[in-house]
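Undergrad: So that we are looking at the same thing, I have put the structure below in structure tokens.
The values are calculated or read from the model by the stated rules, or taken from the named source; none is laboratory data. Note that the structure is a prediction, hence the values are computed from the model and not measured. All Cβ positions, even for glycine, are placed from backbone atoms using ideal geometry, and neighbour counts span all protein chains on display. Side chains included, ligands, DNA and RNA excluded: accessible areas come from the protein's heavy atoms. Shrake-Rupley method; radii C 1.70, N 1.55, O 1.52, S 1.80 Å.
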Amino acid sequence: NAGVIQTPRHKVTGKGQEATLWCEPISGHSAVFWYRQTIVQGLEFLTYFRNQAPIDDSGMPKERFSAQMPNQSHSTLKIQSTQPQDSAVYLCASSLEGGQNTLYFGAGTRLSVL
Amino acid sequence: QQKVQQSPESLIVPEGGMASLNCTSSDRNVDYFWWYRQHSGKSPKMLMSIFSNGEKEEGRFTVHLNKASLHTSLHIRDSQPSDSALYLCAASFGSSGNKLIFGIGTLLSVKP
């Protein structure tokens, strides 16, 4: 089992450009999560899918961020018109569904907006 | 407003010493608590979970939970330099499924 796979590992964009981040969850896991980590804010919840359906996007900045899960083997997080404050490590995690199941994190994508 | 508060923000202990980390939820609707460990440059990995009142021990690590006070603590005995990491407390709430809310973390340094 390769674990949660995130690509790319690093991404550099110019201000105003678009960034798309990819996540392949662990096979058989029905829940997929996106988090963002910065020194100041810590690990912040962004959005959550269960069986590919969006369940909770309460952490997503509404205007420029969107997430999709077109099939059970991958999810994408898209940031339009990137801003310097979007610079962070974006972490994807997956788990079996159920409140007592562990979240397994990918290695993350470090996004740098210049 | 953080639903999960951790203290201290940072902690230095000598090798072989005891490290004690604290975590409290500000939301009484908390269901479960987890402790994750994140080494520098790596992603968080689940260390221990606790779902009911009491104590749970795994090797050098012990976790306590007091649901009435919404408080959990992690204790590391015989601390090793390899224990140096960011320790994140996480909790799930009410009908949120297994979405976790994380605290800001405690940065532990174990000095040889």
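Undergrad: What is the number of the single condition among (1) crowded, with 16+ Cβ neighbours inside 10 Å; (2) farther than 20 Å from A:Leu43 by Cα; (3) of a type in the set (Lys, Arg) that B:Lys99 does not meet?
TA: For B:Lys99, the exception is condition (2).
Undergrad: Let me ask something additional. Run B:Met48 past the list (1) in contact with a Lys or Arg (Cβ under 8 Å, 6 or more places away or on another chain); (2) touching a residue at least 60 places away in the same chain (Cβ under 8 Å); (3) surrounded by 15 or more Cβ atoms within 10 Å (Cβ to Cβ); (4) of a type outside the set (Val, Ile, Thr) and report the number of the one that doesn't hold.
TA: B:Met48 satisfies every listed condition except (2).
Undergrad: All but one of (1) surrounded by 14 or more Cβ atoms within 10 Å (Cβ to Cβ); (2) closer than 20 Å to A:His10 by Cβ; (3) more than 9 Å from every other protein chain (Cβ to nearest Cβ) hold for A:Ser30, so report the exception by its number.
TA: (2)
Undergrad: With of a type in the set (Lys, Arg) and not in a loop (DSSP other than H, G, I, E, B) as the only criterion, which of B:Arg28, B:Arg37 stands out?
TA: One residue alone meets the criteria, B:Arg37.
Undergrad: Restricting the first residue to the range B:21-43 and requiring it to be without any contact (Cβ under 8 Å) to a residue 40 or more places away in the chain, which pairs with a second residue that is in a strand (DSSP E or B) meet a Cβ separation below 8 Å and a spacing of at least six or different chains?
TA: The qualifying pairs are B:Ser43/A:Leu91; B:Ser43/A:Phe105.
Undergrad: Here's something else I'd like to know. Take the range B:91-112 and flag every residue that is outside any loop (DSSP other than H, G, I, E, B), facing chain A (nearest Cβ under 8 Å) and small (Gly, Ala, Ser).
TA: Hit for the range B:91-112 is B:Ser92, nothing else.
Undergrad: Here is a follow-up. Provide a single number: the residues in the range A:56-102 that are more than 18 Å from A:Pro8 (Cα to Cα), within 14 Å of another protein chain (Cβ to nearest Cβ) and in contact (Cβ under 8 Å) with a residue 12 or more places away in the chain.
TA: 7
Undergrad: Then there is this: Report whether or not B:Asp78 is more than 11 Å from every other protein chain (Cβ to nearest Cβ), at pLDDT 95 or above and not in a strand (DSSP E or B).
TA: For B:Asp78, the condition - more than 11 Å from every other protein chain (Cβ to nearest Cβ), at pLDDT 95 or above and not in a strand (DSSP E or B) - is met.
Undergrad: So how many residues does the range B:51-68 have that are open to solvent by less than 70 Å² (accessible area, probe 1.4 Å), over 21 Å from B:Gly105 (Cβ atoms) and part of a loop (DSSP other than H, G, I, E, B)?
TA: Counting residues in the range B:51-68 that are open to solvent by less than 70 Å² (accessible area, probe 1.4 Å), over 21 Å from B:Gly105 (Cβ atoms) and part of a loop (DSSP other than H, G, I, E, B) gives 2.
Undergrad: Further, regarding this structure: Based on what the data block shows, is B:Ser43 within 14 Å of chain A (Cβ to nearest Cβ), closer than 15 Å to B:Cys89 by Cα, of a type in the set (Ser, Thr, Tyr) and part of a strand (DSSP E or B)?
TA: no
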